[in-house]
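Trainee: First the structure, then my questions, so here it is.
The values are calculated or read from the model by the stated rules, or taken from the named source; none is laboratory data. Note that the structure is a prediction, hence the values are computed from the model and not measured. All Cβ positions, even for glycine, are placed from backbone atoms using ideal geometry, and neighbour counts span all protein chains on display. Accessible surface areas use protein heavy atoms only, side chains included; no ligands, DNA or RNA. Shrake-Rupley method; radii C 1.70, N 1.55, O 1.52, S 1.80 Å.
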Amino acid sequence: MRTVIQLGLHTSALWTYLTRENWVDYMRNRLDNQANVLPEFFTEDPAPFQFYGVDVEPESIVHVINKSRYKNLSNVTWICAGISDDHYLMKPTPRYDGVEWYQFSTQNRMHVYITMKHLIDAISPETFDVLAVDIDGYEHYIFNDMEKWSILPTYITIEYHGLGFDGEHRKIVEREEAHDNLIATIVRSGYRHLDSVIKYEEGSSVEEIQFLKTNVNGVEDERK
């Protein structure tokens, strides 16, 4: 079964539509948001996907689980954790020494953080087909460690909220420079940058940056 991972749920988990038996028809004829449309070659296999929804906030997980549109879904796993890179993971206490999860204290509570590598290894998908990211400007934490991922996604889509931070060089930069550096990081890992989709949320425009792995025509990924 193909796999979709959505990082950042907030109050929605829109990519769960891929778990539908009729997801191709739903995408083509009833899906309102073009930012959630897959490249057409995905429709050659109409089988539903396995969905993993990941969010650092327990409230987001509880919210989507209790919404009527997400109840009774099959092929769905919810994961409450933050995703960071090796540079920012705090050293665990001796009790957890050697365990691949860490605690960040944020706003008087503890959040569990893991690396994207650890998430992929824990899920261990046969294929990694879609990675959807909506984490409000912290994209550099996700993609700096791509060379360590055991398998790379075929398609990446990112709702971009740049904070003007260059993750590779750990410095504040202009928003446009951070945007360009994020694109360059992913392209260097073997992706083609597709045309962005502009969507509108609460009266403002948001850019959806999209990428397609360059070896999607049956060539096996060397990292797999």
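Trainee: Take residues that are at pLDDT 90 or above and either touching a helix residue (DSSP H, G or I) at 6+ places or on another chain (Cβ under 8 Å) or open to solvent by 90 Å² or more (accessible area, probe 1.4 Å) (or both) and tell me which of the strands (runs of 3 or more DSSP E) falling wholly in the stretch 154-224 contain 2 or more.
Mentor: The qualifying strands (runs of 3 or more DSSP E) are 155-160, 191-193, 204-213.
Trainee: Inspect the stretch 108-128 for any residue being part of a loop (DSSP other than H, G, I, E, B), open to solvent by less than 40 Å² (accessible area, probe 1.4 Å) and at pLDDT below 85 and give the result as yes or no.
Mentor: no
Trainee: Sort out which residues of the stretch 129-151 are modelled with pLDDT of 95 or more and open to solvent by 20 Å² or more (accessible area, probe 1.4 Å), and write them in order of number.
Mentor: Residue satisfying the conditions is 150 alone.
Trainee: Something else: Residues that are open to solvent by 60 Å² or more (accessible area, probe 1.4 Å), touching a helix residue (DSSP H, G or I) at 6+ places or on another chain (Cβ under 8 Å) and within 24 Å of residue 124 (Cα to Cα): does the stretch 21-34 have at least one?
Mentor: So far as the stretch 21-34 goes, no, none of its residues is open to solvent by 60 Å² or more (accessible area, probe 1.4 Å), touching a helix residue (DSSP H, G or I) at 6+ places or on another chain (Cβ under 8 Å) and within 24 Å of residue 124 (Cα to Cα).
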